[in-house]
Every structure is written in C-alpha cells, then in structure tokens.
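What follows draws every value from the coordinates through simple rules; no lab data is involved. As the structure is a computational prediction, the values presented were derived from the model and not from experiment. Neighbour counts are summed over all protein chains in view; Cβ atoms, including those assigned to glycine, are modelled from backbone coordinates with ideal geometry.
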Amino acid sequence: MRVALLSDTHLPSLIRQLDELGTGPGELLASADLILHAGDVTAPSVLDWCEAFAPVLVARGNNDIFEDPRLADHQLLDLEGWRLGMT
C-alpha cells in the first residue's frame with residue numbers, strides 16, 4: 001500500500017489557488033492508495049482535489065474551521081500491520 005502524507009496546504013488562500021500547483025503534486029498523488037493530510041487544509045476543495053486520486057483522511061489543524069466527514073481531531077489507522085496516528 002502506498003500512502004501519501006501532506007500537510008499545511010493552506011489553499012486556496014488570498015494569493016494562491018490550487019491550479020497554481022501545476023502537475024507535479026497530482027502526478028505523485030496518482031500513485032497513492034491513501035492520502036493522509038496532517039492538517040491546515042483550510043478548505044474542503046483541497047480534500048475534493050486529493051480525493052480525485054485516492055481516499056483522504058485528515059487530522060484537523062488549527063486553521064481547519066470547516067466540518068467534513070474526512071476531518072477529525074485525530075486519526076488512528078491500522079494499515080498492513082502498521083498502526084498509524086495523526087493528531
């Protein structure tokens with residue numbers, strides 16, 4: 001299983017948008033089986049974009065004030081014999 005981990009995307013912002021990322025991040029995420037975001041997403045549109053590549057789970061950051069079923073204060077996962085936690 002390939003897991004991608006990212007954090008602190010802070011997109012969209014007043015000066016940056018998702019389309020400014022180019023193709024590089026999408027090419028990397030396309031090979032993932034699961035995407036973990038360690039917080040400070042700031043907008044559900046980022047999760048929607050990530051989910052076009054693989055399922056997404058998020059540990060809430062201090063800038064994540066929206067509600068979304070993919071978002072929790074912490075995430076605990078058992079993946080192929082590994083126990084993973086994000087908080």
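Which whole-number percentage describes the relative contact order of region 3-86, with Cα contacts under 8 Å and a sequence gap of 6 or more? Show your work: numbers first, answer last.
Details: 138 pairs, mean separation 21.8, N = 84.
Dividing the mean separation by the residue count of region 3-86 yields 26 percent.
Scan the chain and hand back the longest stretch that contains none of the GluC sites (Glu not before Pro) lying in DSSP loops with at most 16 other Cβ atoms within 10 Å. Provide the component values of the computation, followed by the final result.
On the way: sites that count: E67, E80.
The reported range is 1-66.
Is it possible to state the helix-based mean residue ellipticity at 222 nm for the chain, with each DSSP H run of 4+ residues giving -39500 (n - 2.57), the sum divided by total residues, to the nearest 500 deg cm²/dmol? What is it? It would help to have the intermediate numbers written out before the result.
Working: 2 runs with 14 residues, N = 87.
Theoretical 222 nm ellipticity from helices: -4000 deg cm²/dmol.
Mind checking region 20-87 for trypsin sites (Lys or Arg not before Pro) that DSSP puts in a loop (not H, G, I, E or B) and that have at most 15 other Cβ atoms within 10 Å?
Working: sites: R60, R70, R83; in loops: R60, R70.
Here no trypsin sites (Lys or Arg not before Pro) fit, given the DSSP loop and packing criteria.
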At what distance in nm do the modelled label points of L79 and D8 sit from each other, each positioned 7 Å from its Cα along Cα→Cβ?
-> 2.1 nm
